[in-house]
Amino acid sequence: MAALNGTENEKAFISEELYEKLSAVSGKLEKGDILVTGGGSVGKPYIVPNNEPLYTKDADLLWVKNNEKLVPYFIYTFFFSPAFSDYLNSVSHVGTIAHYTITQLEETPITLPCVSEQQKIGDYFRNIDSLITLHQRKQKNRSQE
């Protein structure tokens, strides 16, 4: 099952046999890995939420493998920062469709504090995002009354 912005897409799937065969070559996406769009709407992150089978073949989707030195939500929020936006604008190939490549991703300057600080920063931004979502829901409910 594939997901986009938390919305499941049951139309996009492969058999478990094919998944195992392809994953043996490319590796398996795991909880805490981060996917980043590399074509079109470049630089949009997605945190892999669990270890359920998830496979992508899109060449314009970049994979940041979590090596336990990264706190996923810290890296996720980095992709929304002005520093990343400025970097992306300076390196992405713009033609008909913008591109952000694996080489550019590898060269992206990310200042990484120690894991415990990443966790605190990531938790802080996750809490802010949750509050924003809560307030948006309240506003939506008020406007429907």
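Holding the Cα-Cα limit at 21 Å, pick out from LYS44/LYS138; LYS44/LYS140; LYS28/LYS69 the pairs that are longer than that.
On the way: LYS44/LYS138 27 Å; LYS44/LYS140 26 Å; LYS28/LYS69 18 Å.
As for pairs spanning more than 21 Å Cα to Cα, those are LYS44/LYS138; LYS44/LYS140.
Please label the shape of region 2-144 as rounded, prolate or oblate, based on the square roots a ≥ b ≥ c of the eigenvalues of the alpha-carbon gyration tensor (a/c under 1.5 means rounded; beyond that, a/b larger than b/c means prolate, else oblate).
rounded
Pop a pseudo-label 7 angstrom from the Cα along the beta-carbon direction at both THR133 and LYS44 and give the gap in nm to one decimal.
1.7
Per DSSP helix of 4 or more residues, -39500 (n - 2.57); summed, then divided by the residues of the chain. What does that give at 222 nm, rounded to the nearest 500?
-13500 deg cm²/dmol
Quote the FRET efficiency, to the nearest 0.05, computed for LYS69 versus GLU20 with a Förster distance R0 of 35 Å and r equal to the Cβ-Cβ distance.
0.80
Once whole DSSP H runs in the chain are found, which of them have Cα atoms spread over 30 Å or more along the helix axis and a mean Kyte-Doolittle score of at least 0.5?
For the chain, where a helix must reach 30 Å along its axis and average at least 0.5, there are no hits.
Work out from phi, with θ = phi - 60° and the Karplus expression 6.51 cos²θ - 1.76 cosθ + 1.60, the ³J(HN,Hα) of each residue of region 61-70, listed in order in whole Hz, and give x for Gly and Pro.
Ordered by residue, 3J(HN,Hα) equals 10, 9, 10, 9, 6, 6, 9, 6, 9, 10 Hz.
Per residue of region 27-43, what does 6.51 cos²θ - 1.76 cosθ + 1.60 with θ = phi - 60° give for ³J(HN,Hα)? Whole Hz please, x for Gly and Pro, Karplus curve as stated.
Result, ordered by residue: x, 10, 5, 10, 3, x, 5, 10, 9, 10, 5, x, x, x, 7, 5, x Hz.
Please report GLU20, GLU145 as a ranked list, fewest other C-beta atoms within 10 angstrom at the top and most at the bottom.
In increasing order of surrounding Cβ atoms, one gets GLU145, GLU20.
Each value in this text was obtained by applying a stated rule to the coordinates, not by laboratory testing. Because the structure is a prediction, the values reported are computed rather than measured. No Cβ is skipped: glycine too gets one built from the backbone with ideal geometry, and neighbour counts run over all protein chains shown.
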